[in-house]
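The values are calculated or read from the model by the stated rules, or taken from the named source; none is laboratory data. Computed from a predicted structure; not experimentally measured. Every residue, glycine among them, receives a Cβ derived from its backbone with ideal geometry; neighbour counts consider all protein chains shown. Note: accessible area is taken over every heavy atom of the protein model, side chains too, but ligands, DNA and RNA are not part of it. Shrake-Rupley method; radii C 1.70, N 1.55, O 1.52, S 1.80 Å.
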Amino acid sequence: MSGELQRFLTQHTHLSRRFFLGLGATGAAGWGATTGIAGTPAREPRLQEAIDRLESWLTEPARFRDVSRGKPIPHTLPEEKRVEVGLTRETWRLEVLSDPENPAKLRKPLTRETSTALDFAGLLQLAEKSAVRFPKVMTCLNIGCPLGMGVWEGVPLREVLWLTQPRENLRRVFYWGFHNDAPEQKFQSSLPVDRVLEDPCGLPPVILCYKLNGEWLTPERGGPVRVVVPEAYGFKSIKWVTTIILSNLSHANDTYAEQNNDVDSTLKTFASTLNAATRVKAGDPIAVTGYAQVGTSGLSRVQIWLHNEATDWPAADPHFTTAPWIDAEILPPQADWGGGLPDRTLLASTRGFDSSGQPQSWPMKLAKIHWAALLPGVPEGRYTLRCRTIDANGQAQPMPRPFQKSGHAAIEEIGVRVEP
Ligand SMILES: Nc1nc2c(c(=O)[nH]1)N[C@H]1C(S)=C(S)[C@@H](COP(=O)(O)O)O[C@H]1N2
Ligand SMILES: [Mo]
């Protein structure tokens, strides 16, 4: 490391510490403060302003980003066509069949032919006893950034599986949705049967989902019924589900694998910025806000680092592990959860929340959280702003799973120009 770089880093770290020690954490507006004991100084105004502009925790169903295949895309079909093909609550049917190629032994498959396919009323009947609700961020493995954050409600898939009275030779479950009756449009996903039957490590169950944020699932979000797999990337959560196959196949058989994707990957922990000025004045503190996806390995810290591009970074440290990262503040839950919840008491019966509707742990796993930091002012120059997470196992991004095809975890880089 050059002497100049060393000096810069030392100064940068020092400044940052001093800055942070002086910062209180009293939340104004929607952001209640976990650390906001009476008497702590308010946040620096420009930081507070950036925090107040942050998105809400939950996303309104209509504001999710949509990732839908099909020609035409099933949710764009006119209402009468949707009625005809079973894409409404009145006409939906779900078949649960044995795989002809790798048969599982079922006493009572649910078929259209024998009029035993499950209808929506039948699903709601199961819901009376076994409905569950849980928060989950929907993220596309290929796109990387979350599509939306929701409270998903449904019936554990195992309840429907048991209706078929399986006896033996059952190792895998695969499933697909309506795809215009065109075999080449079929988009299927799959799970080991064990994951359907049991919920390891405190995970919520895999569900047949019919509500999002307390409202019936819209056609765009996969309604009337989609699968939702809590810990998985979006492609496991098949929309417009019509067919479940119980199979003795011993390996994954997801359509998504064709794009070189790692179809067994679970949600990764990573951070991204939402607000970062790309042009600032020398010496002015820089307010930065962002979100983190809390993957299956949890989240312990979010950190940021402003690197002066005039100084090279040693190639031997491609993940910047020795950089003078500083901790951002992980923001407490907002007073208003957003997402268009019709009834705030919904959260009181949602996994991860207590009976008063407060989260049982924070940052919450399989969800998004938000963070904020104020960087001290720096001299004129070109800089790169980076943010990263450190998961609950102490692994810093992009580790422990740096490969793009198992989900996005690369450290984000934003150019910042500091002007005189
Ligand atoms: N039937 C069907 N289900 C699907 C898809 C699809 O194209 N068809 N896309 C999948 C992918 S790749 C993702 S990332 C999520 C996106 O969910 P969303 O559109 O509700 O945000 O849906 C999944 N379920
Ligand atoms: Mo996706």
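Data overview
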| read-out | value |
| --- | --- |
| Estimated FRET transfer efficiency when R0 is 41 angstrom, pair T311-C145 (beta carbons, to 0.05) | 0.90 |
| Heavy-atom surface of segment 67-108, accessible at 1.4 Å and reported per residue (Å²) | 61 Å² |
| Descending semi-axes in whole angstrom, ellipsoid equivalent of segment 227-347, from the Cα gyration tensor | 38, 24, 13 |
| Where segment 268-420 is the region considered: accessible area per residue in Å², 1.4 Å probe | 41 Å² |
| Under-5 Å amide H pairs with V280, H placed in peptide plane, nonlocal only | R417, V418, E419 |
| Two-site FRET efficiency, E44 against R344, from Cβ-Cβ distance with R₀ of 41 Å, rounded to 0.05 | 0.85 |
| Whole-percent carbon and sulfur share, accessible surface of the chain, 1.4 Å | 50 percent |
| Extension gain, R279 back to S356 (0.36 nm per residue minus Cα-Cα distance, nm) | 23.3 nm |
| Accessible-area ranking of V294, V132, largest first, probe 1.4 Å | V132, V294 |
| Nearby lysines by direct alpha-carbon distance to K136 (threshold 23 angstrom, same-chain neighbours under 8 apart not counted) | K211, K236, K239, K268, K365, K368, K405 |
| Length added when fully stretched, V83-D194, from 0.36 nm per residue minus Cα-Cα | 36.5 nm |
| Proximal aspartates and glutamates relative to K186, as straight alpha-carbon distance under 17 Å, when same-chain residues fewer than 8 apart are discounted | E95, D99, D254, E258 |
| S349 - accessible surface, heavy atoms, 1.4 Å probe, Å² rounded to 10 | 70 Å² |
| Spin-label pair N253/I73, simplified geometry with 7 Å Cα→Cβ offset, distance in nm | 2.9 nm |
| In order through segment 361-374: 3J(HN,Hα) via Karplus (6.51 cos²θ - 1.76 cosθ + 1.60), integer Hz, x for Gly, Pro | 8, 8, x, 7, 5, 6, 10, 9, 9, 10, 9, 8, 7, 10 |
| J(HN,Hα) series, segment 143-157, from Karplus relation 6.51 cos²θ - 1.76 cosθ + 1.60, nearest Hz, glycine and proline x | 7, x, 7, x, 8, x, 10, x, 9, 9, 10, x, 9, x, 4 |
| Cα extents of segment 129-192 along the three principal axes, largest first (Å) | 41, 36, 22 |
| Å³ per residue enclosed by the Cα convex hull of segment 76-117 | 94 Å³ |
| Test item: Cα-centred dipole of segment 101-192, Lys/Arg +1 and Asp/Glu -1 on Cβ, debye | 380 debye |
